[in-house]
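The structure under discussion appears below in the form of structure tokens.
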Amino acid sequence: MNERAGLWARFTESRAFLPCAGFAAGILAGGVSVLYRLSLQFASDTLGHSLTFIRKNAGWTAVWFLVLIALAGLTSLLVRRQPLIGGSGIPQLECELHGKIKSSWLSVLLCKFAGGFLCMLGGLSLGREGPSIQLGAMAGKGFSRFLRRGGEEERVLISCGASAGLAAAFHAPAAGVLFCLEELHHTFTPRLLLPLMTAVLSADLLSVQVFGVGPVFQFAPQTDFTPVLYLLVVPLGLLLGVLGAFYNAATMAVVRFLQDKSGLPVFVRLLIPFLMAGILALCAPSLLGSGHNLVEQAAAGDYMLEILLLLLVGKFLFSLLSFGSGAPGGIFFPLLVLGALIGCSYGVCAVELFGLEKDLIAAFLLLGMAGNFAAIVRAPFTGAILLFEMTGSVHTLLPLLAVSLIACATADALRSAPIYDSLAARLNAGRRSEA
């Protein structure tokens, strides 16, 4: 027994320990993230079947609104029980990594999983990626507690879980590593990099080889960007930088009003977007959920410019309401959808004004997603690599980097704080006032 304990002690002190532990944490976090993704897909499918039934049987509309009220009630119970599940979870994770909060990993994991499922079932415009990052991080923290690690090693394993959660959610291992370095830590160290790489590797292998999870999007623009086309990338980046700064300001204004100034009980605050989802289900069902179908249809050229602009405004307002309420869900994917609608609208205008090929519309859609992410989150390399991995379009890699850097620089010039930094600062201020 003493010999085994001695071997284990020597192993934990060696350089091989953290990469090996990161690999195991990636399997756990990736498994949780994939199960969460599959559960949300089930919730989305159930929502679609329910709305189809209601359209054919209008008398059941009142019953559906009662179901939405019940979903809001259940979600509010989870949020009151575990306040750290509200929103995307990324600001909470940043605060934990910097030692400003301590979370109960099992409580957050279970409540976040259930809360995200309920919100998707109700049709709220929220993403799964932020929650997947938080869920993966909590799985990494649980694994750290199992190994009885603490301090810096626990923070590394939490980071491994977060990276693995993003990698499994998007089938994007490189973006998982970059997001952790660029957004969560704002730094690069060799001691952190290798465990992150083994974590995303194991998570991606698990999601693809065991669960058969494929790419998020099924389109890949194949248009080569000539020097002339790069001239169109510049104004798009500038536009996305301005709109990204506006998005951040609007999001923080709605969050502060609904959660800090309105004085509404948690149930009433969450009931508002659930009831709005019920109304939209009757008049604009395409605005419900994360918006994956909107991106696919826009890339296929199914929408005219006027429809794209209406969808953009509607999705923006409903996303603000859904996230601002404090419901368990993220802005990660909805902001990509908004960027897709902006980029697609820009592409339609460019094609009509300059007589370009229509294939370019899908390429500009992709650039819009990356640029909007970079302007809002202020992580340009993560945004570019993320969209590259999600579509596998080699032809757009350099334009993705260009538009991301321009959008990021524009938002910086407007002195717009990154959204997750603003949310983390608000969370810290709230916890200090409670203390």
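The values are calculated or read from the model by the stated rules, or taken from the named source; none is laboratory data. Treat the numbers as computed from the prediction; the structure is a model and nothing was measured. Neighbour counts run over all protein chains shown; Cβ positions are idealised from the backbone, glycine included. With ligands, DNA and RNA removed, areas are computed over all heavy atoms of the protein, side chains included. Shrake-Rupley method; radii C 1.70, N 1.55, O 1.52, S 1.80 Å.
If you take the Cα centroid of region 299-348 and the Cα centroid of region 32-66, the two points sit 21 Å apart.
From helices alone, the chain scores -25000 deg cm²/dmol at 222 nm; the rule is -39500 (n - 2.57) for each run of n ≥ 4 DSSP H residues, then divide by the residue total. When Rg and the Kirkwood Rh are both derived from Cα coordinates, the Rg/Rh ratio for region 79-216 amounts to 0.95. Candidates Pro173, Ala370, Leu270 compared by Cα position along the dipole of the chain: farthest toward the positive end lies Leu270, with charges placed on Cβ. Rounded to the nearest 10 square angstrom, Phe53 shows an accessible area of 100 square angstrom against a 1.4 Å probe. Each Cα pair of the chain feeds into the Kirkwood radius, which the Stokes-Einstein equation turns, at 20 °C and 1.002 mPa s, into a diffusion coefficient of 98 µm²/s. Of the solvent-accessible surface of region 1-153, computed with a 1.4 Å probe and all protein chains present, 64% belongs to carbon and sulfur. Calculated FRET efficiency, Leu414 to Ala16, Cβ-Cβ distance, R0 = 41 Å: about 0.35 to the nearest 0.05. Helix screen, the chain: DSSP H segments with Cα axial length of 18 Å or more and mean Kyte-Doolittle hydropathy at least 0.5 are 17-56, 61-81, 105-122, 151-170, 190-205, 227-255, 266-283, 305-324, 332-354, 360-377, 397-413. Computed about the Cα centre, the dipole magnitude for the chain is approximately 1540 debye when only Lys and Arg (+1) and Asp and Glu (-1) carry charge, each at its Cβ. Size check on region 100-171: the Cα extents along the three principal axes, sorted descending, read 39, 26, 22 Å. Figure note: Tyr420, Tyr230 ranked by solvent-accessible area, largest first, 1.4 Å probe, ligands and nucleic acids not counted: Tyr230, Tyr420. Taking only the alpha carbons of region 232-359, we obtain Rg and Dmax values of 16.1, 54 Å in that order. Here region 241-315 is treated as a sphere whose radius is the Kirkwood value from Cα pairs; by Stokes-Einstein at 20 °C and 1.002 mPa s it diffuses with a coefficient of 147 µm²/s. Specify the residue with the greatest mean-square fluctuation among Arg15, Arg269, Arg191, computed from a Gaussian network of the chain linking alpha-carbon atoms under 10 Å apart. Its mean-square fluctuation being the largest, the pick is Arg15. One compactness figure for region 1-121 is 1.54, namely its Cα radius of gyration divided by 2.2 N^0.38 Å. Projected label points at Leu194 and Phe354, each 7 Å from Cα along the beta carbon direction, are separated by 4.7 nanometres. The mean accessible area for residues of the chain, using a 1.4 Å probe and ignoring ligands and nucleic acids, is 41 Å² per residue. Could you work out the longest stretch of the chain that avoids the GluC sites (Glu not before Pro) located in DSSP loops with at most 13 other Cβ atoms within 10 Å? Between the exposed loop sites, the longest stretch runs 14-356. A quarter of the convex hull surface defined by the alpha-carbon atoms of region 379-424 gives 3.4 nm² as the mean projection. Put simply, the convex hull of the Cα atoms in region 318-435 casts, on average, a shadow of 8.9 nm².
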